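Student: Starting off with a structure, shown below.
No value in this document is a laboratory result; all are computed from the given coordinates. Just so you know, these numbers come straight off a predicted model, no measurement behind them. Ideal geometry is used to build each Cβ from the backbone, glycine not excepted, and the neighbour counts take in all protein chains shown.
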Amino acid sequence: MKTQFSKLAFVATFGLALTLTFGCSSDSDNGNNPPNINSGTEISSSSSLGAYPPSSGGGSHSSSSGGSSSSPSSGGNGHSSSSALKECESTFNPTNKFCYDGNVYDKCDGMPYNPSSQICEDGVANPTKCNGMGYNPLTQRCESNVIQAKCGESWYPWSDYECTSNGIYLKGGLTDTRDGKYYDAVLIGTQTWMAANLSYNATNSKCYGEDGIVIVYDGDGNRNELAPLSSTEIQANCTKYGRLYDWETAVNACPEGWRLPSNEELNVLTDYPSGSYIVGGKLKATSGWNENGNGEDTYGFAALPSGSGYYNSYYDTFNTFSHVGYRGFWWLVGRYYYYIEDNSIYSLYSYSYGGSDLYSIRCVKD
């Protein structure tokens, strides 16, 4: 009986030992791997240590040509993952830095964190919040309690605008409640501009060529008068270029919430793309300009050569039209106007009789 009882005790003890052995972690990380961060987002700490000596006791290292640190996965167990983010190619010290998606960051009080949803402040990795909403500090920022994202090199409020390949567009654009016409609008720097010429049929506004004569110039600068345009041609000009306005009409032509731009706002516009002598090419549309004069349309402004109307003493008429295809003219406050020719943009005062010149309008958002 004693022998049988001793055998049973030995089996029970051996079984308990096996249970305890397999219940413990088999990883040799001594608890030094970073925890799982932000519901499974992987934090990759892999690096090429190069000449930097691997640290001892700070996690396991392989010993291939100088060594490389292990890559804690989203599970925080020190093993690689099939859904790993980009590894870091640069050398770094894993004691006080870590790798996340190809970039090296300083640890926060000795611990890695998730740079896409946290920010290290006074040694604490806090969730990023902007007016109560979470955001990704790698691609967004909080400015005046508004989340902004980056489009190229420009920051923009992502809740109201959208980034495209040729500009930052106002979501929903602009619908003129007076006639229901829709316009795209683009953010350039800090200003929102209409991306097409105003086409509101205000009293005294004209389509190019309407009720007048059209003058064209040949390559030698000689004037040639065209026959009056047909109604179809006139309407096609309105569709393509919008309407032309005299000064008195232009003052109140913009829809509610929008206005004529000032000279100061024009200066902001021209300074943003590096000066008035190249901005014309960046604001011009990529087609529609004669003699290879098309632009880059870098910001979605899509300026077209809509020409102008003016008083012509030779014909003694206020409805003379010219420069379509070569120049665009737009009103500013204070009876100033600006025009684009070649790749340059110029601002001038209109000395026309009673502000009778007919120019296009690009409204800017209040």
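Student: Give me the dipole magnitude in Debye, nearest 20, for the range 170-365 about the Cα centre, with unit charges on the beta carbon: positive for Lys and Arg, negative for Asp and Glu.
Tutor: The calculated dipole for the range 170-365 is roughly 520 debye.
Student: I would also like to ask the following. Going Cα to Cα from Lys150, which aspartates and glutamates come in below 14 Å? Please leave out same-chain ones fewer than 8 positions away.
Tutor: Cα-Cα hits under 14 Å: Asp160, Glu162.
Student: Label the range 277-366 by shape, choosing from rounded, prolate and oblate, from the square roots a ≥ b ≥ c of the eigenvalues of the Cα gyration tensor; if a/c is under 1.5 it is rounded, and otherwise prolate applies when a/b is larger than b/c, oblate when it is not.
Tutor: oblate
Student: Using 7 Å Cα-to-Cβ label points, what is the Asn96/Arg223 separation (nm, one decimal)?
Tutor: Result for the modelled spin labels: 7.7 nm.
Student: Shifting gears a bit: Distance check, please: which entries in Lys171/Lys206; Lys206/Lys365; Lys171/Lys365 exceed 22 angstrom between their Cα atoms?
Tutor: Those over the limit are Lys171/Lys206; Lys206/Lys365.
Student: List the lysines whose Cα sits under 17 Å from the Cα of Lys284, skipping any in the same chain fewer than 8 residues away.
Tutor: In chain and number order, the partners are Lys240.
Student: Something else: To the nearest 20 debye, what charge dipole does the range 182-261 have about its Cα centre, counting +1 at the Cβ of each Lys and Arg and -1 at the Cβ of each Asp and Glu?
Tutor: Rounded to the nearest 20 debye, it is 240 debye.
Student: What order, most packed first, do the peptides 192-198, 87-93 have when packing is the mean number of other Cβ atoms within 10 Å of each residue?
Tutor: 192-198, 87-93
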